[in-house]
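> Take a look at this one; I'll ask things after.
The values are calculated or read from the model by the stated rules, or taken from the named source; none is laboratory data. What you see is a predicted model, and the numbers here were worked out from it, not measured in a lab. Methodologically, a virtual Cβ is constructed for each residue, glycine included, from the backbone with ideal geometry; neighbour enumeration extends over all protein chains shown. Ligands, DNA and RNA are stripped out before the accessible areas are found, and what is left, the full protein with its side chains, is counted by its heavy atoms. Shrake-Rupley method; radii C 1.70, N 1.55, O 1.52, S 1.80 Å.
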Amino acid sequence: GFLPGPVLLGLWESLTFYHTFGAVDAPLSFLIAPRANIAGQGYALLEMARVIILELHLPLNLLTFRIPSVVFGIVSLFLFFTICRRYFGSWPAIGATALLAVNQVFFQAGHMMTVLVISGATLLFVIERLQALEVRYWDVKAWAGFALSMAFVSLHYGPARIFAVILIGIWFGKVYWQFKGTPSSKPILHGIWTLGGYSAVAFLFILALLD
């Protein structure tokens, strides 16, 4: 993440740069991006670069312009490591994370101001929360984090939203299949549906606050 990225602005980066710095005021918008494509605008976590540069009095160059993508690239590695460690243990997780860190496609995405790396980080956040809910399905904090992860993934790249919905459907289907037909598991299913409903309300509330 700390290695230098491309020395020239890419095509999609140029559109982000123009939209972020061409306006009189920082065009931060936490609305759900209507186009949700790679070259689209309206991604607040990406366009926060202008606020960071102005508030911290940093020089405007490629490194400072790309701060959000580098930060979310590092966050992605941390989330990926956390997910892998829960399934496989620490050493396999370290190896897998190291391979991801040196992957050229990931490195490129993490050093270019496009929505790819931010959407990837938010999708990993959704996966991490679903993974945590597998063993802590009664934990209100875990469900609150899940609602927050869904709010963030909804704001960005379209495919990430689709994958998140598919993963959530698989997770709830798996839970239902695991506990169905077992009388003693009815309270567990009831609790999951109840907390899941509350998290859906919290998700919509967060989106309304960001609107």
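> Hey, does the stretch 152-165 have a residue that's farther than 30 Å from Gln41 by Cα and in contact with a helix residue (DSSP H, G or I) (Cβ under 7 Å, 6 or more places away or on another chain)?
no
> Restricting the search to the stretch 49-72, which residues are part of a helix (DSSP H, G or I) and farther than 15 Å from Leu116 by Cβ? So that I can check it myself, show each step before the final result.
At the first step, the residues of the stretch 49-72 found to be part of a helix (DSSP H, G or I) are 49-55, 62-65, 67-72.
Of everything in the stretch 49-72, those that are part of a helix (DSSP H, G or I) and farther than 15 Å from Leu116 by Cβ turn out to be Ala49, Arg50, Val51, Ile52, Ile53, Leu54, Glu55, Leu62, Leu63, Thr64, Phe65, Ile67.
> Name the pairs: first residue in the stretch 108-137 and open to solvent by less than 10 Å² (accessible area, probe 1.4 Å), second residue in a loop (DSSP other than H, G, I, E, B) and among the acidic types (Asp, Glu), Cβ to Cβ under 9 Å, at least 6 apart or on different chains?
So the pair list comes out as Ala132/Asp139; Leu133/Asp139.
> Cβ-Cβ distance below 8 Å, separation of 6 or more or different chains: which pairs start in the stretch 192-211 with a residue that is farther than 23 Å from Ser29 by Cα and end on one that is open to solvent by 100 Å² or more (accessible area, probe 1.4 Å) and not in a helix (DSSP H, G or I)?
Between residues of the stretch 192-211 that are farther than 23 Å from Ser29 by Cα and residues that are open to solvent by 100 Å² or more (accessible area, probe 1.4 Å) and not in a helix (DSSP H, G or I), the close pairs are Leu195/Trp138.
> Go through (1) surrounded by 14 or more Cβ atoms within 10 Å (Cβ to Cβ); (2) of a type outside the set (Phe, Trp, Tyr); (3) in contact with a Phe, Trp or Tyr (Cβ under 9 Å, 6 or more places away or on another chain); (4) without any contact (Cβ under 8 Å) to a residue 60 or more places away in the chain one by one and return the number of the condition Leu155 breaks.
(4)
> Taking helices (runs of 4 or more DSSP H) that do not extend beyond the stretch 73-153, which have at least 1 residues that are at pLDDT 90 or above, farther than 30 Å from Leu31 by Cα and out of contact with any strand residue (DSSP E or B) (no Cβ under 7 Å at 6 or more places or on another chain)?
Numbers: elements: 90-102, 104-109, 116-135.
Fully inside the stretch 73-153 and qualifying: 90-102.
One line per residue, one yes/no per condition, for (1) aliphatic (A, V, I, L, M); (2) more than 30 Å from Leu11 (Cβ to Cβ):
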residue	(1), (2)
Phe78	no, no
Gly95	no, yes
Val102	yes, no
Ala109	yes, no
Val117	yes, no
Thr122	no, no
Arg161	no, no
